[in-house]
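The values are calculated or read from the model by the stated rules, or taken from the named source; none is laboratory data. Keep in mind that this is a model prediction, so the values were computed, not measured. Using ideal geometry, Cβ is built from the backbone for each residue, glycine included, and neighbour counts are taken over all protein chains shown.
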Amino acid sequence: MAQALNIFISTSHSPKPLISYRSAPFSTSISRFSFIKIHKKTSLFIKASASDPNPAILTSDNGAGSAALQDPAPSPTVSDSSSIEVDAVTEAELKENGFRSTRRTKLICTIGPATCKPEQLEALAVGGMNVARINMCHGTREWHREVIQRVRKLNEEKGYAVAIMMDTEGSEIHMGDLGGASSAKAEDGEIWTFSVRAFDSGLPEHTINVNYDGFAEDVKVGDELLVDGGMVRFEVIEKIGPDVKCRCTDPGLLLPRANLTFWRDGSLVRERNAMLPTISSKDWLDIDFGIAEGVEFIAISFVKSAEVIKHLKSYIQARARDSDISVVAKIESIDSLKNLEEIIQASDGAMVARGDLGAQIPLEQVPSEQQKIVQVCRQLNKPVIVASQLLESMIEYPTPTRAEVADVSEAVRQRADALMLSGESAMGQFPDKALTVLRSVSLRIEKWWREEKRHEAMKLPGIASSYADRISEEICNSAAKMANNLEVDAIFVYTKTGHMASLLSRCRPDCPIFAFTTTTSVRRRLNLQWGLIPFRLSFSDDMENNLNKTFALLKARGMIKSGDLVIAVSDMLQSIQVMNVP
Ligand SMILES: Nc1ncnc2c1ncn2[C@@H]1O[C@H](COP(=O)(O)OP(=O)(O)O)[C@@H](O)[C@H]1O
Ligand SMILES: C=C(OP(=O)(O)O)C(=O)O
Ligand SMILES: [K+]
Ligand SMILES: [Mg+2]
């Protein structure tokens, strides 16, 4: 017995039902309607439905534009499971452990020298990487292109669904390349020279290149120089032309192109930084590269205001009309905290970039800012990533510290959409193990949170700007609540724009959300969002048909079985239906 609530909005002259109630046993092929008028635009109908013998092709690809994305071949049979493409990792997970065990928190891995080979990338894909991040601070464009192509190839050939996020360098002040060395140790009391000079015949010992011409003019004797937000500290002791002599006060490992900040009398000196553009000319070239390569996400470093995001979004729109690249604002500066809501509102998502954020505000302030950013994103319905140092010790060691596990748990408990590995996967010794830790901690904390029924009472304010959107929002809020109360196995959402899928994700329901969408670009975007399992499916306005097709296809793949309880939501019909899989 299937039960449905449909809410229609009247868009034409003929009166359409605004609220309808449907009860549909799936085993019958008889169709019968009975309308009960509630008021001029409102009617109630009860209908029995038929099963559809002709299912469509279901794809859950990474949107590489392959043949699999085309409309279904004529009359594929249900048993022909070769005509179905689903994300191989999710499929295996579902088959093995069922709905409840699917991971809701998405995982991002920064790709670097430790993970750029095809077999290394594949190990990450198998390990649950949802998004591969390339950081344009490092490596050449050719290197990045090769990584993108390798990921695409894996997706096409092996059925993974890994999206690409390109992260811009931004106008930060950073060190040079360490003359080819992978790191350098700065010991307590050592004197190092920071210089803007170009050293043609190799870097002298204890010398660091700085990328910012005004560096020597800007710093003062007595300033504190922080490498990577304080991983190593120096005190400025002397200025000699373009060279700045510094004494190491907190020893540590210097990494190539590490970020530099300088502090005076306990506060960050950032006048100069503020004058640099958020998107440098190199960044614009990288953005062009990202658009040409069809990356799914572009993350913008050191965002200061919403304007830059709006500018970039219209640039992308103009450059690539039919592409749908999401712009992620990295919250890592004092300015971005000041303009947080506007920035997030203008963006398609945000990243809590704790590395640089922790260099700009006192460290003890980072956790509360993280919680706030995660909350604002949830309220404004934008995906949010928690990034940096989640498992920092795993760059060198095969097991995380207890404190790191607690940090990851907290981000999962806050129900961030995604967690990100940086150095752990880019240049660490145990990238696969680090990913495994993120995966198992996510699963465990998600399960614990569900079992304890500790639904946080986060107030989700209305965000709709039209009446139709308000209806969508109410439907999703209700569907998620019903899903929890009825303990259904999954929510199915048929969504052309992806909007209803993200509204459901925003409610963080207990069960996974299967998001069926007709376009590749929407499917890609949904890859980053909490609890969503995105599929590409050709579907019509006939929900009866859509459901039967989906059931047949998923059953044939062993991803669902008869008797599973499902809530289906659609943005074409504005409906909620509750049913058992026939
Ligand atoms: N494409 C790359 N090529 C070489 N090294 C990289 C690359 N991407 C990342 N890394 C290394 O991994 C470290 C961590 O990556 P990430 O956190 O993204 O950069 P950063 O430390 O500059 O913020 C970098 O400091 C760098 O040493
Ligand atoms: C993610 C961050 O940015 P990046 O790694 O590019 O410095 C950060 O600062 O935390
Ligand atoms: K960056
Ligand atoms: Mg940063």
Inset, instruction - Give the range 242-301 a look and list any residue that's touching a Lys or Arg at 6+ places or on another chain (Cβ under 6 Å), away from ligand 3 (no atom under 16 Å from the Cβ) and closer than 26 Å to residue 313 by Cβ, or say none. - result: 291, 296
Inset, instruction - Identify, by number, the condition in (1) within 16 Å of ligand 4 (Cβ to nearest atom); (2) more than 24 Å from residue 420 (Cα to Cα) that residue 297 doesn't meet. - result: (2)
Inset, instruction - Among what's in the range 361-407 and is surrounded by fewer than 16 Cβ atoms within 10 Å (Cβ to Cβ) and among the small types (Gly, Ala, Ser), pick the residue that is nearest to residue 263 (Cα to Cα). - result: 368
Legend entry - Residue tally, condition in contact (Cβ under 8 Å) with a residue 24 or more places away in the chain and away from ligand 3 (no atom under 16 Å from the Cβ), over the range 118-136: 12
Legend entry - Near pairs, Cβ below 7 angstrom, 6+ apart or cross-chain, from the range 228-249 (assigned by TED's automatic domain parsing to the domain that holds residue 187 and surrounded by 17 or more Cβ atoms within 10 Å (Cβ to Cβ)) to any residue that is basic (Lys, Arg) and at pLDDT 95 or above: 234/247
Legend entry - Looking only at the range 192-216, and only at residues there that are surrounded by fewer than 13 Cβ atoms within 10 Å (Cβ to Cβ) and of a type outside the set (Phe, Trp, Tyr), the one that is nearest to residue 395 (Cα to Cα): 205
Inset, instruction - Hey, can you tell me all the residues within the range 116-139 that are under 17 Å from the mean Cα position of the chain (by Cα) and either buried (at least 21 other Cβ atoms within 10 Å of the Cβ) or acidic (Asp, Glu) (or both)? - result: 124, 125, 128, 129, 130, 131, 132, 133, 134
Inset, instruction - Hand me the list of strands (runs of 3 or more DSSP E) wholly inside the range 183-272 holding 1 or more residues that are farther than 24 Å from residue 353 by Cα. - result: 184-186, 191-195, 207-209, 232-240, 243-250
Legend entry - Considering residues of the range 140-172 that are more than 16 Å from ligand 4 (Cβ to nearest atom) and not in a helix (DSSP H, G or I) only, the residue surrounded by the most Cβ atoms within 10 Å (Cβ to Cβ): 161
Legend entry - Failed item in (1) surrounded by 15 or more Cβ atoms within 10 Å (Cβ to Cβ); (2) in a strand (DSSP E or B), with residue 278 passing the rest: (2)
Inset, instruction - Under 7 Å between Cβ atoms, at least 6 apart or on separate chains: pull out the pairs that start in the range 368-379 with a residue that is farther than 15 Å from residue 460 by Cα and end on any residue that is in a helix (DSSP H, G or I) and modelled with pLDDT under 95. - result: 369/357
Legend entry - Candidates 252, 229, 202 - the one that is within 16 Å of ligand 2 (Cβ to nearest atom) and either in contact with a strand residue (DSSP E or B) (Cβ under 7 Å, 6 or more places away or on another chain) or within 24 Å of residue 137 (Cβ to Cβ) (or both): 229
Inset, instruction - Please find, within the range 540-571, the residue that is surrounded by the most Cβ atoms within 10 Å (Cβ to Cβ) out of those that are touching a Lys or Arg at 6+ places or on another chain (Cβ under 7 Å) and in contact (Cβ under 8 Å) with a residue 24 or more places away in the chain. - result: 559
Inset, instruction - Mind counting the residues in the range 123-139 that are in a strand (DSSP E or B) and either within 16 Å of ligand 4 (Cβ to nearest atom) or on the phi > 0 side of the Ramachandran plot (or both)? - result: 3
Inset, instruction - From the list 314, 323, 281, pick out the single residue that is polar (S, T, N, Q) and within 22 Å of residue 529 (Cβ to Cβ). - result: 323
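Residue by residue, here is whether (1) within 16 Å of ligand 4 (Cβ to nearest atom); (2) at pLDDT 95 or above; (3) part of a loop (DSSP other than H, G, I, E, B) holds:
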| position | (1), (2), (3) |
| --- | --- |
| 302 | yes, no, yes |
| 309 | no, yes, no |
| 312 | no, yes, no |
| 318 | no, no, no |
| 343 | yes, yes, no |
Legend entry - Neighbours by Cβ (under 6 Å, 6+ apart or cross-chain): first from the range 451-472, within 15 Å of residue 497 (Cβ to Cβ); second at pLDDT 90 or above and in a loop (DSSP other than H, G, I, E, B): 463/381
Legend entry - Tally of residues being in a helix (DSSP H, G or I) and of a type in the set (A, V, I, L, M, F, W, C) across the range 348-400: 10
Legend entry - Criterion (in contact with an Asp or Glu (Cβ under 8 Å, 6 or more places away or on another chain) and modelled with pLDDT of 95 or more) met by exactly one of 357, 380: 380
